[in-house]
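Worksheet: one structure, shown below.
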Amino acid sequence: MIVKKNCCMAEYTSFKTGKNADFLLIPESEAEIVEAIAFAKKENLPYMVLGNGSNVLFAGDYHGVVIKLKSENISKISKDAAKQGLAGLEFASGIPGSLGGAIFMNAGAYGGEMSKVLKTVTSIDENGKIHVRKADECEFWYRHSIFMENHEVVLSADFELYRDDPNEIEARIADLTKQRTTKQPLQYPSAGSFFKRPEGHFAGKLIEDAGLKGLQVGGAQVSDLHAGFIINKDNASPEDIIDLMKIIQETVMDKFGVMLEPEVQIIGL
């Protein structure tokens, strides 16, 4: 197991900025995952699990243990399934997160969600006990799962997909990829859509209608291409991103009476 102390988390997150964690542990097996959790408990430190870091901002120092998993990318799983003629995961073809991270937050896009295609999820608790849950036992709702509450580590999952022509599946993936590349600022570091979708609204539209598209604080900017994205345009600090987030929240609240809630996990704030 790789162990790092006082580790800058910028290189482990898609925002490419962030503060430090007291410990970063990178286990290579299930046994080492249990060992990493045991280390945190022994040191009386909180711990959190990190996949690809695509939906996380370390806004302040994390005085605990980050357990970084080497997990399969959900986008790769989607494309591998397509090659086998298995459909249903097309929506995930451009999601940059890990399998565990996508399940943890019930990731979704273009009308699809992890909860709609999962059959079972296997996880491990802090005592090393393995749990296997059916999808309807995972307390999935919008950007939520039971794993946000119980601190279990997702190990694997079974999907309920359906057969289709691989060429048709790959054509649908190509169409979604085109939509992403033309409408999302993929050339800049970001955490994807920064805010959750408020009921009855779209966060990006509210932000744009509030006149905030292109607004920049330090190196952080509301994307000119998609107002729902906060991008690291020019060596943004975590403080830049948080300050911009607060301006967006206050302005949208003042103009429309809607409080935008971050979809991104903000650590250490």
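Points worth noting:
- Global form of segment 57-193, assessed from the alpha-carbon gyration tensor, a/c cut-off 1.5: oblate
- Linear extension gain, M48 paired with R180, 0.36 nm per residue minus alpha-carbon span: 44.5 nm
- Fraction of beta bridges assigned by DSSP in segment 1-146 that are antiparallel (%, nearest 5): 65 percent
- Of all DSSP bridge pairs formed entirely within the chain, close to 75 percent run antiparallel.
- For segment 59-148, averaging the sequence separation of C-alpha pairs within contact (under 8 Å, six or more residues apart) and dividing by the residue count gives a relative contact order of 22 percent.
- Rg ratio (alpha-carbon, reference 2.2 N^0.38 Å) - segment 1-66: 1.05
- Segment 33-165 - accessible surface per residue (Å², probe 1.4 Å): 45 Å²
- Note on exposure: V264, V132 ranked by accessible area (1.4 Å probe, complete protein assembly) read V132, V264, with the most exposed listed first.
- Other residues within the sphere of radius under 15 Å centred on the Cβ of F23, judged by their own Cβ, net out at +1 (K and R +1, D and E -1).
- Largest to smallest principal axis extent of the C-alpha atoms in the chain, angstrom: 51, 51, 31
- Note on segment 122-238: with neighbouring protein chains present and a 1.4 Å probe, carbon and sulfur make up 46 percent of its accessible heavy-atom surface.
- Surface share of carbon and sulfur [accessible, 1.4 angstrom probe, percent] for segment 1-78: 50 percent
- Summing +1 for each Lys or Arg and -1 for each Asp or Glu among the other residues whose beta-carbon sits under 11 angstrom from that of P96 gives +2.
- Which listed pairs, of K116/K178; K183/K246; K79/K213; K42/K119; K70/K129; K70/K196, have C-alpha distances above 31 Å, in listed order: K79/K213; K42/K119
- Karplus 3J(HN,Hα) series, Hz, for segment 254-269 with 6.51 cos²θ - 1.76 cosθ + 1.60 (x for Gly, Pro): 5, 7, 10, x, 10, 8, 7, 9, x, 7, 5, 6, 9, 9, x, 8
- Ligands, DNA and RNA excluded, the heavy atoms of K79 present near 90 Å² of accessible surface to a 1.4 Å solvent probe.
- Subtracting the Cα-Cα distance of K41 and T122 from their residue separation scaled by 0.36 nm leaves 26.9 nm.
- Protection proxy ranking, highest mean first, for peptides 236-248, 22-34: 236-248, 22-34, where packing is the per-residue count of other beta-carbon atoms within 10 Å, averaged.
- Spin-label pair Y142-L225: with each label point 7 Å from Cα along the Cα-Cβ axis, the two points sit 2.6 nm from one another.
- Placing H63, H131 in order of accessible area, with the largest value first and a 1.4 Å probe, yields H63, H131.
- Percent of Cα pairs exceeding the 25 Å cut-off, where the set is segment 121-269: 48 percent
The values are calculated or read from the model by the stated rules, or taken from the named source; none is laboratory data. The shown structure was predicted, so the numbers you read here are calculated from the model rather than taken from an experiment. Counting neighbours? That spans all protein chains shown, and the Cβs are built from the backbone with ideal geometry, glycine included. For the accessible areas, the whole protein counts, side chains as well, though only heavy atoms, and no ligand, DNA or RNA atoms are used. Shrake-Rupley method; radii C 1.70, N 1.55, O 1.52, S 1.80 Å.
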